[in-house]
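The values are calculated or read from the model by the stated rules, or taken from the named source; none is laboratory data. Values in this document were obtained by computation on a predicted structure and should not be read as measured data. Here the Cβ positions follow ideal geometry from the backbone for every residue, glycine too, while neighbour counts run over all protein chains shown. The protein model used for the area step is the full one, side chains on, heavy atoms only, and it has no ligands, DNA or RNA in it. Shrake-Rupley method; radii C 1.70, N 1.55, O 1.52, S 1.80 Å.
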Amino acid sequence: SQIQGGTFHSFANIILRKYSAALELANNFTITDRADSEDIIQHIRTNTIGKQEKRFPKKGSILDIYSKAVNKNMPSAEIIEAEYSQFSHCSEKINEIIKKYSVYKRQNSILDYDDLLLYLRTLLETKSEIRKKLSNQYKYIMVDEYQDTNTIQAQIIKLLASEHNNVCAAGDDSQSIYSFRGANFKNILKFPEIFENTKIIKLEQNYRSTENILALANEILLKAEEKYAKTLFSDIKSPVKPALICSADMKTEAEFIAQRILELTEEENLSLNDICVLARSARMTYTLEIELAKRSIPYKKFGGKKLIE
């Protein structure tokens, strides 16, 4: 009963419901999902731009710009310049829509997912008594996958721990994959600077990979300019060495994989049931599926629909 766990957003929702009055928020505020937020943006967009406007971003892109500005703690104009330069000619209009979107939400007691973090940070920054109370209530804070936190989440942790600095962050600076959503791997690198007397515990033994795979990983990690130096190792031995293949494009990659599968089955008598191809997302295998079909190689796909479906 003394432990509370959850995502940043669920935690923010609980705290904001309790202290909504301090921010002049209705405690029965509504949380919008992506589709609802896009509909609001579309309504404002229609009333803001004229029909003569050309190459103006659709509602989804405008929401992405707003969300990245919040999560990266940057002005939307900078986000447009850095990542959406094709819309630089209408930057002012986009900013106008974003401002109207913020006003609309406030007037109608609506919060989107980004607002949950924004309002929580504002509460902790501006209401010192509440911040102290919450910090003393949560005397020990643990954050998992710290390398995938964004700037605003790191600020929230710092504020929540302001009375005690008891923070345990688990993570790997070499495994940050959410930069497209605003995650900043430098949060974990700067952790010892932000929290005094930090003790770093390296978990270097790997229980899933073979020693040869980790030797390759260590070689790659050596070349990282910013990192926590570590040497990964494993007790799992294997005579097989990993091959790192760099292809020019997805078609060349698919041709190589299909050819390798044929070699393994025809020359090394390996069963198709013993061969698998791993991918980050289902859509990344579409080119490969075409190549497999072309060569009459049967396959099963898990985790997503086949291209032909």
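Key figures for this structure:
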read-out	value
Entirely in the range 83-140, the helices (runs of 4 or more DSSP H) that have 3 or more residues that are open to solvent by 20 Å² or more (accessible area, probe 1.4 Å), modelled with pLDDT of 95 or more and more than 27 Å from Arg181 (Cα to Cα)	128-137
Residue check for Ser238: in a loop (DSSP other than H, G, I, E, B), touching a residue at least 40 places away in the same chain (Cβ under 8 Å) and surrounded by fewer than 18 Cβ atoms within 10 Å (Cβ to Cβ)	no
Matching residues in the range 277-295 - criterion: being part of a loop (DSSP other than H, G, I, E, B), modelled with pLDDT under 95 and not charged (D, E, K, R)	Leu278, Ala279, Ser281
Residues located in the range 81-96, provided they are in contact (Cβ under 8 Å) with a residue 24 or more places away in the chain, within 15 Å of Lys68 (Cβ to Cβ) and hydrophobic (A, V, I, L, M, F, W, C)	Phe87, Ile94
Test result for Ile152, among the β-branched types (Val, Ile, Thr) and either closer than 30 Å to Arg55 by Cβ or over 19 Å from the mean Cα position of the chain (by Cα) (or both)	no
The range 272-284 residues that are of a type outside the set (Ser, Thr, Tyr), paired with ones that are at pLDDT 95 or above (beta carbon under 6 Å, 6 or more apart)	Ile275/Ile261
Selected residue [among the aliphatic types (A, V, I, L, M), open to solvent by 30 Å² or more (accessible area, probe 1.4 Å), farther than 30 Å from Val240 by Cα and free of Cβ contacts under 8 Å to residues at least 24 places away in the same chain] from Ile201, Ile220, Ile194, Ile157	Ile201
Odd one out for Ala229, checked against (1) closer than 25 Å to Ser174 by Cβ; (2) free of Cβ contacts under 8 Å to residues at least 12 places away in the same chain; (3) open to solvent by 80 Å² or more (accessible area, probe 1.4 Å)	(3)
Residue match in the range 166-185 (condition: in contact (Cβ under 8 Å) with a residue 12 or more places away in the chain, open to solvent by less than 40 Å² (accessible area, probe 1.4 Å), out of contact with any His (no Cβ under 7 Å at 6 or more places or on another chain) and assigned to a helix (DSSP H, G or I))	no
Those residues of the range 54-82 which are surrounded by fewer than 18 Cβ atoms within 10 Å (Cβ to Cβ) and polar (S, T, N, Q), in sequence order	Ser61, Asn73
Residue ID - farthest from Lys294 (Cα to Cα), chosen from residues in the range 241-251 that are open to solvent by less than 100 Å² (accessible area, probe 1.4 Å) and assigned to a loop (DSSP other than H, G, I, E, B)	Pro242
Residue within the range 17-24 that is open to solvent by less than 60 Å² (accessible area, probe 1.4 Å), among the small types (Gly, Ala, Ser) and more than 13 Å from Tyr113 (Cβ to Cβ) present	yes
Search result, residues across the range 213-233 that are among the hydroxyl-bearing types (Ser, Thr, Tyr) and either more than 23 Å from the chain's Cα centre (by Cα) or part of a helix (DSSP H, G or I) (or both)	Thr231
